[in-house]
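Chemist: Got a structure here, written out as structure tokens. Questions coming.
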Amino acid sequence: MKIATFAHQLFVMQNQLDCDTLAEVLKRPELAGLQCVDLDSRHLDVRSLRKVKQQLDDNGISVSSMYCDLRLDAIAARGRTALSDELDVHLERCADLNTNIFMPVPLFNGDLSREDRQAQILDFLHMAVERSPQYGVTMVLENFSALNSTIATIADMKFYLDRVPALQYVLDTGSYWFSDVDDSLDACIALLDRTIHVHLKDIIPVDVNPPKISKNNGRGFDHAVTCEGAIPIREIIAELDKAGYNGALSIELITNDEPLLKTQRSIHNLQQLVH
């Protein structure tokens, strides 16, 4: 298993990935032990792709996956060609950065029924898994907990995985914490056979009253250093190890409070668990 992190969190949620800053950050001693990064495809344009790749190569770091929020209803409203063109842009970026995993996050602007959302996601996924092998890319779907999400539970994920056999799964350990149905360890075990990437999001439960605190499903939370919060990360990694999982463990830790030092602690904690 390789230790990864989200590149954008090292810049405290900047809207754009600054190439020069990236080169400096990757050399920081706090990130010793980091092997891969997950990149948001929206933060990269044609001009920066080559430079980002060179800086990652210079530091011996690979791209474990690329991901992007996609407003499916808005894109689809422009026609199927627009959806196909949008998909090609992201798949080309994956190929340029030598990553073989692309994770679209399907979102919706409109007030669609659950059935309509599922239908649009399925239509997109069928298109994506047909197109992605041309770029050497595997299409994956991550559980995502939000209001009216149709990818929030184990049953939700099985709905898509059963209908799109070439689709693979990304386990987001933190999102199940907001569910009244499942927990992350159960999800890890139930979906192990389709899991090729893991986002390690640890959670600290907090009071929901302060407005600065994030809320999801009525529950207040903050991101915790990996293995120091409420999510059973150690047990999850033990199950992955037992199953022979050899993909990336990507630290998802969004914080404005010493992000590099907290990432360093997360890397250290994972190094004690990963063989």
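The values are calculated or read from the model by the stated rules, or taken from the named source; none is laboratory data. Being a predicted model, the structure only gives us computed values, none of them experimental. Using ideal geometry, Cβ is built from the backbone for each residue, glycine included, and neighbour counts are taken over all protein chains shown. Protein only, heavy atoms only, side chains kept; ligands, DNA and RNA dropped before computing areas. Shrake-Rupley method; radii C 1.70, N 1.55, O 1.52, S 1.80 Å.
Chemist: Where nothing but the Cβ of Lys and Arg (+1) and of Asp and Glu (-1) is charged, how large is the charge dipole of the chain around its Cα centre, in debye to the nearest 20?
Modeler: 360
Chemist: Moving on. Would you mind getting me the FRET efficiency between Ala74 and Gln271? Use the beta-carbon distance for r and R0 = 45 Å, nearest 0.05.
Modeler: Efficiency, rounded to the nearest 0.05: 0.60.
Chemist: Over the stretch 26-135, give the accessible area per residue in Å² for a 1.4 Å probe, as an integer. Intermediate results must be reported in sequence, preceding the final value.
Modeler: On the way: 5270 Å² over 110 residues.
Accessible surface, normalised per residue, equals 48 Å².
Chemist: Using a 1.4 angstrom probe on the protein heavy atoms only, could you order Asp58, Asp111, Asp123 from most to least accessible area?
Modeler: Details: Asp58 105, Asp111 145, Asp123 65 Å².
Ranking Asp58, Asp111, Asp123 by accessible area, largest first, yields Asp111, Asp58, Asp123.
Chemist: Students often get this wrong, so check it: of Lys2/Lys262; Lys51/Lys201; Lys2/Lys201; Lys27/Lys51, which have C-alpha atoms separated by over 22 Å?
Modeler: Where the Cα-Cα span goes over 22 Å, the pairs concerned are Lys51/Lys201.
Chemist: How large, in percent, is the carbon and sulfur part of the accessible surface of the chain at a probe radius of 1.4 Å?
Modeler: Carbon and sulfur together cover 47 percent of it.
Chemist: For the chain, what does the helix formula give at 222 nm: sum of -39500 (n - 2.57) over DSSP H segments with n ≥ 4, over the residue count, nearest 500 deg cm²/dmol?
Modeler: That calculation yields -11000 deg cm²/dmol at 222 nm.
Chemist: Compute the separation of the alpha-carbon centres of the stretch 18-88 and the stretch 115-144 and state it in Å as a whole number.
Modeler: The distance from the Cα centre of the stretch 18-88 to that of the stretch 115-144 comes to 19 Å.
Chemist: Another question, if that's okay. What's the extension gain from Asp162 to Thr255 if we count 0.36 nm per residue and subtract their Cα-Cα distance? Before the final figure, lay out the partial values.
Modeler: Working: separation 93, 0.36 × 93 = 33.48 nm, distance 3.57 nm.
29.9 nm is the gain from fully extending Asp162 to Thr255.
Chemist: Next up: Report the extension gain between Val89 and Asn148 in nm, rounded to one decimal, defined as 0.36 nm multiplied by the number of residues separating them, less their alpha carbon distance. Show your work: numbers first, answer last.
Modeler: Numbers: separation 59, 0.36 × 59 = 21.24 nm, distance 2.78 nm.
Gain on extension, Val89 to Asn148, equals 18.5 nm.
Chemist: For the residue pair Lys27 and Arg131, what label-to-label distance in nm results when each label sits 7 Å from Cα along the Cα-to-beta-carbon direction?
Modeler: 3.9
Chemist: Just check the stretch 102-258 against the gyration tensor rule for me: Cα atoms, a ≥ b ≥ c as the square roots of the eigenvalues, rounded for a/c under 1.5, and otherwise prolate or oblate depending on whether a/b exceeds b/c.
Modeler: Since a/c reaches 1.5 but b/c is at least a/b, the shape of the stretch 102-258 is classed as oblate.
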